[in-house]
Amino acid sequence: MTYFTESFHKGISAAKNAERNKEEVNAVFAEMNEQLSSATENKIAIFPKETALAIRVVKDLFTGQYSQKMASALVAEFLRTCLRSFCQ
C-alpha cells in the first residue's frame, strides 16, 4: 500500500508540474503572438497544435466546409489530440 501512496503522490506532483509547464508554454506563445501581431498588423499568429486544430475545426464547421460525417471525424481527432496532450 505504501508504494501505491508514494506513486500516487508522485503522479499528482508530476501532473502539477506538467500544468505549470503548459502554462509557461502558453505564456510564451501569447507573448510571441503579441509581438507578431504588432509587427505584421494582425496578419500572423502562431498557435500550439491543439489550438490550431480547434480553430480550423470550428471555422470549417461554421462555414460548412465539411459533411456531418467529416465534421464528426475532425471533432473526434481534436478530442483524441487533447486527451493525448492532457494525459502526457
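Search the stretch 51-62 for residues that are closer than 20 Å to F29 by Cα and pair each with any residue that is open to solvent by 60 Å² or more (accessible area, probe 1.4 Å) when their beta-carbon atoms are under 8 Å apart and the residues are at least 6 apart or on different chains.
L53/E77; I55/F47
Do any residues in the stretch 38-50 that are closer than 17 Å to A27 by Cβ have Cβ atoms under 6 Å from those of residues that are open to solvent by less than 80 Å² (accessible area, probe 1.4 Å), where the two are at least six apart or on different chains, and which pairs are they?
A45/N33; E50/T81; E50/C82; E50/S85
Filter the stretch 41-59 for residues that are modelled with pLDDT of 75 or more and either acidic (D, E) or touching a helix residue (DSSP H, G or I) at 6+ places or on another chain (Cβ under 6 Å) (or both); which is nearest to I12 (Cα to Cα)?
Applying the filter and picking the extreme gives A45.
Those residues that are of a type outside the set (V, I, T) and part of a loop (DSSP other than H, G, I, E, B), I need them from the stretch 62-71; list them, please.
G64, Q65, Y66, S67 - these are the residues of the stretch 62-71 that are of a type outside the set (V, I, T) and part of a loop (DSSP other than H, G, I, E, B).
Mind checking which pairs have a first residue in the stretch 11-31 that is more than 11 Å from F47 (Cα to Cα) and a second that is open to solvent by less than 80 Å² (accessible area, probe 1.4 Å) and assigned to a helix (DSSP H, G or I), Cβ under 9 Å, 6 or more apart or different chains?
K22/S85
Kindly establish whether T40 is within 13 Å of the chain's Cα centre (by Cα), surrounded by 10 or more Cβ atoms within 10 Å (Cβ to Cβ) and among the β-branched types (V, I, T).
It is false that T40 is within 13 Å of the chain's Cα centre (by Cα), surrounded by 10 or more Cβ atoms within 10 Å (Cβ to Cβ) and among the β-branched types (V, I, T).
For the stretch 48-61, check the following and say yes or no: at least one residue is surrounded by fewer than 10 Cβ atoms within 10 Å (Cβ to Cβ) and part of a loop (DSSP other than H, G, I, E, B).
Scanning the stretch 48-61 turns up no residue that is surrounded by fewer than 10 Cβ atoms within 10 Å (Cβ to Cβ) and part of a loop (DSSP other than H, G, I, E, B).
State all residues of the stretch 1-27 that are more than 23 Å from L83 (Cβ to Cβ), modelled with pLDDT of 80 or more and β-branched (V, I, T); if no residue qualifies, say none.
The answer is T5, and nothing else.
The values are calculated or read from the model by the stated rules, or taken from the named source; none is laboratory data. Given the structure is predicted, the values throughout are model-derived calculations rather than measurements. Glycine gets a Cβ as well: all are built from the backbone with ideal geometry, and neighbour counts include every protein chain shown. Just the protein is used for accessible areas: all its heavy atoms, side chains included, with ligands, DNA and RNA removed. Shrake-Rupley method; radii C 1.70, N 1.55, O 1.52, S 1.80 Å.
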